[in-house]
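Since every read-out is calculated from the coordinates, none of them should be taken as a lab result. None of the values given here were measured: they were computed from a predicted structure. FYI the Cβ positions are ideal-geometry reconstructions off the backbone, even for glycines, and counts take in every protein chain you see.
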Amino acid sequence: MDQIISNRKQPLVAIVILNWNGEKFLKEFLPSVMESTYEHKKIIVADNASTDQSVNFLQQNYPSVEVIKNSANEGFAKGYNVALQQVTADYYVLLNSDVAVTPSWIEPIITLMESDAMIAACQPKIRSFQNRAEFEYAGACGGWIDAFGYPFSRGRIFDTCETDNGQYDIAEPCFWATGAALFVRAKQFHEMQGFDPYFFAHQEEIDLCWRLQNAGYKIFVQPKSVVYHVGGGTLPKGNSMKTYLNFRNNLIMMTKNLPIAELIWKIPFRFVLDGITAWRSLVKGDVGYWTAIAKAHMHYVYWLFFKSGKLNRWKKANKNIQYSGLYKGSIVWAYFIKKQKTFSEII
């Protein structure tokens, strides 16, 4: 069992829940957060201009919870950036409102991160709230990425979520840590200028973790910490906006972080792969999916020519960096052609 950090030496942990019209989730899941056993913590809800009764509910039922009111719905990325400018702590825990935590979920991760100053971000094991024996889509047991920018996880490849039999119960480096329950050092979060606000939502945590690795930091997963995620609380699976953001942001993320020598052929190749996916969906009658990918590609081109220079984040990866959680093959080929459906079959 991990040695619990004494209260005298405990770093200050700020659990920050970004909320937008999530009153029902706050009612259901905030009680578990309040029962977290880690002592040196504060719990904050950053409200993205909700139009429901979220803020009133918090003020009436949880007066000890600090509420930060953002002036508009800034999305996940900018919403957190704005809120965290107002939060002082050693560690931030960016927690989705639809996550049920276990009492001692914080201690194992803080103990791990305190043991190595170069671990900038970490995630717990994410299981499904509905099917508690299974890993959950958003991060499972540590995020990976393939050579062409497609993200997957230990325990989740595309739509296949494995049963958790303890097969990935070793803390180890990964490529990205899920935004559903992201532990990140406050200093490094601000050093990286936070999330890219242009992303709005989806894959901004992968971009942040990529930039952290580019800067020499490590990303980890600590399976001794377990939480349960509903998933799709704001944008459900199959939503056209979710599809659009995932494809657009993924291309932007690759362009920001890959060396130019790789970009000049990987982006065109990705357009081909994405196109095959889009046309396959259209043949099946899913016009919305086809439209979302087409829109994502057009808006990526717009970003490339009109927005990318303004972001001032063209720091390319050091060729000598040995990335953790990078699969040098194609996850699309492994999953769809070779029929390898689990992480252990592929890696």
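Here are a few things to note about the model shown:
- Fraction of antiparallel bridges per DSSP, the chain only, in percent to nearest 5: 45 percent
- Stretchable slack from Y302 to K42, in nm (0.36 nm times residue separation minus alpha-carbon distance): 89.5 nm
- Max mean-square fluctuation residue, GNM over the chain, Cα-Cα springs under 10 Å, options V272, V101, V87: V272
- Qualifying chymotrypsin sites (Phe, Trp or Tyr not before Pro) in region 225-296, where qualification requires a DSSP coil assignment and no more than 16 other C-beta atoms within 10 Å, are lacking entirely.
- Cross-link check: pairs K41/K256; K125/K218; K266/K341; K9/K78; K42/K224; K24/K125 evaluated at a Cα-Cα cut-off of 26 Å; pairs beyond the cut-off: K41/K256; K9/K78.
- Basic side chains Lys and Arg get +1 at the Cβ, acidic Asp and Glu get -1 at the Cβ, and with that the dipole of the chain about its Cα centre reaches some 1080 debye.
- With each label modelled as a point 7 angstrom along the Cα→C-beta vector, the K338-K187 pair spans 4.1 nm.
- Given charges at Cβ of Lys, Arg, Asp, Glu: the chain dipole, positive-most of A294, Y198, P11: A294
- Between region 175-203 and region 259-294, the Cα center-to-center distance that results, in Å: 26 Å
- Spin-label pair N320/V283, simplified geometry with 7 Å Cα→Cβ offset, distance in nm: 4.8 nm
- Placing unit charges on the Cβ atoms of the charged side chains and taking the dipole of the chain about its Cα centre, the candidate lying farthest along the positive direction among V87, Q59, N73 is N73.
- Once the Cβ-Cβ distance of Q53 and E28 is raised to the sixth power relative to R0 = 25 Å, the FRET efficiency obtained is 0.95.
- Straightening the chain between T111 and Q130 buys 3.9 nm, computed as 0.36 nm per residue apart minus the Cα-Cα spacing.
- Between 0 and 90°, nearest 10: helix 260-283 axis offset from the chain longest Cα axis: 90 degrees
- 222 nm mean residue ellipticity, helices alone, for the chain (DSSP H n ≥ 4; -39,500 (n - 2.57); rounded to 500): -11000 deg cm²/dmol
- Whole-number percent relative contact order across region 240-317, with pairs defined as alpha carbons under 8 Å at least 6 apart: 50 percent
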